[in-house]
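*Asks:* What follows is a single structure, and I will ask about it in a moment.
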Amino acid sequence: MGVDLIGPCEKDVSNQKGIVGTWVHVFEQDSADGAVFRPEDGDIPLSRRPRERVELCADGSAVLMMAGEDDRYVPQPAHWKEESGAVVVRDNRGAVRMRVIAHSPDRLVVRLRGD
């Protein structure tokens, strides 16, 4: 079940990069390598703490979904593209919010802003 806060993005059936879709931060699996995100339809443990999400669309747009003051998601428009061999997610001001350093169909390892 997706969290469509801005609107659904067009899904790329070929998903060439293997990263298009909605990813959920599974902070219990974070390591020194980076933060771990899993597909939203994966086996994600329950958490009292809201989980950050990122939706990566085939057209290069993205939505960062972070918990607001009352724990409801606050969507933040963004975009992603490949830069120097890594997938980089930037907010609309151009600031790097995530840098994907490894990915597979069921796992993204990312460096978050400030890492």
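*Asks:* Quick check, is LYS17 modelled with pLDDT under 95, in contact with a strand residue (DSSP E or B) (Cβ under 9 Å, 6 or more places away or on another chain), loosely packed, with under 12 Cβ neighbours inside 10 Å and not in a strand (DSSP E or B)? Steps first, please.
*Replies:* On the way: modelled with pLDDT under 95: yes; in contact with a strand residue (DSSP E or B) (Cβ under 9 Å, 6 or more places away or on another chain): yes; loosely packed, with under 12 Cβ neighbours inside 10 Å: no; not in a strand (DSSP E or B): yes.
For LYS17, the condition - modelled with pLDDT under 95, in contact with a strand residue (DSSP E or B) (Cβ under 9 Å, 6 or more places away or on another chain), loosely packed, with under 12 Cβ neighbours inside 10 Å and not in a strand (DSSP E or B) - is not met.
Yes/no matrix, rows are residues, columns are (1) of a type in the set (Lys, Arg); (2) modelled with pLDDT of 95 or more; (3) surrounded by 14 or more Cβ atoms within 10 Å (Cβ to Cβ):
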{"site": "HIS25", "(1), (2), (3)": "no, yes, yes"}
{"site": "VAL54", "(1), (2), (3)": "no, yes, yes"}
{"site": "GLY60", "(1), (2), (3)": "no, yes, no"}
{"site": "VAL63", "(1), (2), (3)": "no, yes, yes"}
{"site": "ARG72", "(1), (2), (3)": "yes, no, no"}
{"site": "SER104", "(1), (2), (3)": "no, no, no"}
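*Asks:* Assuming ASP70 fulfils every condition listed in (1) in contact with a Phe, Trp or Tyr (Cβ under 8 Å, 6 or more places away or on another chain); (2) without any contact (Cβ under 8 Å) to a residue 60 or more places away in the chain apart from one, which condition is it?
*Replies:* So the condition that ASP70 fails would be (1).
*Asks:* Related question: Quick check, is GLU40 surrounded by fewer than 19 Cβ atoms within 10 Å (Cβ to Cβ) and either farther than 16 Å from VAL26 by Cβ or of a type in the set (Ser, Thr, Tyr) (or both)? It would help to see each step written out before you state the result.
*Replies:* Details: surrounded by fewer than 19 Cβ atoms within 10 Å (Cβ to Cβ): yes; either farther than 16 Å from VAL26 by Cβ or of a type in the set (Ser, Thr, Tyr) (or both): no.
So GLU40 does not fit the description; no.
The values are calculated or read from the model by the stated rules, or taken from the named source; none is laboratory data. This one's a predicted model, so the numbers in the text were calculated from it and none came from an experiment. Cβ atoms come from the backbone with ideal geometry, glycine included; neighbour counts cover every protein chain shown.
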